[in-house]
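Values in this text are rule-based calculations from the coordinates and carry no lab data. As the structure is a computational prediction, the values presented were derived from the model and not from experiment. Positions of Cβ are backbone-derived with ideal geometry, glycine not excepted, and every protein chain shown enters the neighbour counts.
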Amino acid sequence: MKKIAVLTSGGDAPGMNAAVRAVVRKAIYEGLEVAGVYNGYQGLIDGKIELLQLGSVGDIIQRGGTMLRSARCPEFTTVEGREKALKQLKLHGIEGVVVIGGDGSFRGAMELSKLGIPCACVPATIDNDINGTDFTIGFDTALNTVIDAIDKIRDTATSHERTFIIEVMGRNAGDLALWAGLAGGAETILIPEETYDLPDILERLRRGTHRGKKHSIIIVAEGVMSASLLAEKLNVEEGIDTRVSVLGHIQRGGSPSARDRVIASQFGARAVEALKNGGKTVAIGMKNHQVAEYDLARVFDGDSEFEKEMYTLSKELSI
Ligand code: ADP
Ligand code: F6P
């Protein structure tokens, strides 16, 4: 393999830039040419592709977002769209692609590999919802952003003796809500992987008030319901007055944490090695603190690798 490309796709995540930097620097170190594709799969279709040099990725390791920009691209889900992308790859002499993104982007990579282009997939999403890896790039930074918000909300919640409901991103996964709830000392955490029970939420609120608590924090993952709907339920059914805070896209921005920069560097470099050595389509990830590559199909089969013990612990500690 002499020339590879790198793209970022789907919802952006802090640390994507660090991963792009690692791919470019490692590829050049290994004697490969490396091209950047702008705007994810859309850029592949439109031929927005340019050769990158060592200096192209200078001064980005600390920046949020992605210098290659990102996109959701419906056209790439069609056979015609992917044929256009293949044509561009051939035109530019690109033999393998590093895809940095979430599970949707990985599905795109799977389809691309069926056309004879090997892909190395680097997991980057704040949702931490990719099977086969314990962590995705961006999760740690987003988690710290959420905790910072919880701590601030707790201040005002205490002053006013209020109950707050904080809505956290994560699409259909509860990792961000669960980790943030545990680290932020929330009384109640609602995640899509577990059924919720309104009487249990109320009982927890009552117990808290009974032992003199001045505030309550409820974390709800967006995959369960909106914070405003939960607020309405608590109000209509029990007359409980709450305040709602939807954290939204601030969870996707900001300078990546040290941890995200490190795993992004490790994953990016490993992706280049995988393409150079095997030319096979693989996913890169971290299992038991070891960077590993594994069959991309594993991402899509089986149930999500949800950590039930952590949920149980969060309940035990918030009695
Ligand atoms: P993420 O990668 O963050 O999960 P998306 O689910 O939006 O984000 O996926 C990113 C892009 O990957 C989509 O816009 C589309 O271009 C491509 N993609 C997703 N699913 C498929 C699929 N089944 N086949 C081909 N391409 C896909
Ligand atoms: O996948 C990352 C994510 O931020 C999810 O947590 C969220 O549901 C979604 O993307 C939001 O997407 P958009 O930025 O397209 O509104």
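In terms of surrounding Cβ atoms within a 10 Å radius of their Cβ, Asp241, Asp12 rank from fewest to most as Asp241, Asp12.
In a simple Cβ point-charge model (Lys, Arg +1; Asp, Glu -1; nothing else charged), the stretch 66-224 has a dipole of about 300 debye relative to its Cα centre. Counting only Cβ charges, +1 for Lys and Arg and -1 for Asp and Glu, the dipole size of the stretch 45-128 around its Cα centre is about 80 debye.
For the pair Glu161 and Leu115, a Förster radius of 51 Å applied to the C-beta separation gives a FRET efficiency near 0.25, rounded to the nearest 0.05. On the basis of the beta-carbon distance and an R0 of 25 Å, Asp303 and Thr195 show a calculated FRET efficiency of 0.95. When the chain is treated as a Gaussian network with alpha carbon springs shorter than 10 Å, the biggest mean-square fluctuation among Thr242, Thr209, Thr281 belongs to Thr209.
Over all distinct Cα-Cα pairs of the stretch 196-272, the Kirkwood formula returns a hydrodynamic radius of 15.8 Å. For the chain, the Kirkwood hydrodynamic radius from C-alpha pairs, put into Stokes-Einstein at 25 °C and a viscosity of 0.890 mPa s, yields a diffusion coefficient of 120 µm² per second. Extending 7 Å from the Cα toward the beta-carbon at both Val236 and Lys152 defines two label points whose distance is 3.1 nm.
Here's the picture: charge each Lys and Arg Cβ at +1 and each Asp and Glu Cβ at -1 in the stretch 192-279, and of Gly268, Gly279, Ile218 the one pushed furthest to the positive end of that dipole is Gly268.
Relative to the current alpha-carbon distance between Lys214 and Lys90, full extension at 0.36 nm per residue lengthens the span by 38.3 nm. Note on the chain: with a GNM built from Cα contacts shorter than 10 Å, the maximum mean-square fluctuation among Ala292, Ala177, Ala124 falls on Ala292. Listing Cys119, Cys73 from fewest to most neighbouring C-beta atoms within 10 Å gives Cys73, Cys119. Residue exposure proxy: Phe306, Phe164, ordered by other Cβ atoms within 10 angstrom of their Cβ from fewest to most, comes out as Phe306, Phe164. Dipole check for the chain: with +1 at the C-beta of Lys and Arg, -1 at the C-beta of Asp and Glu, and the Cα centre as origin, the magnitude is about 1020 Debye.
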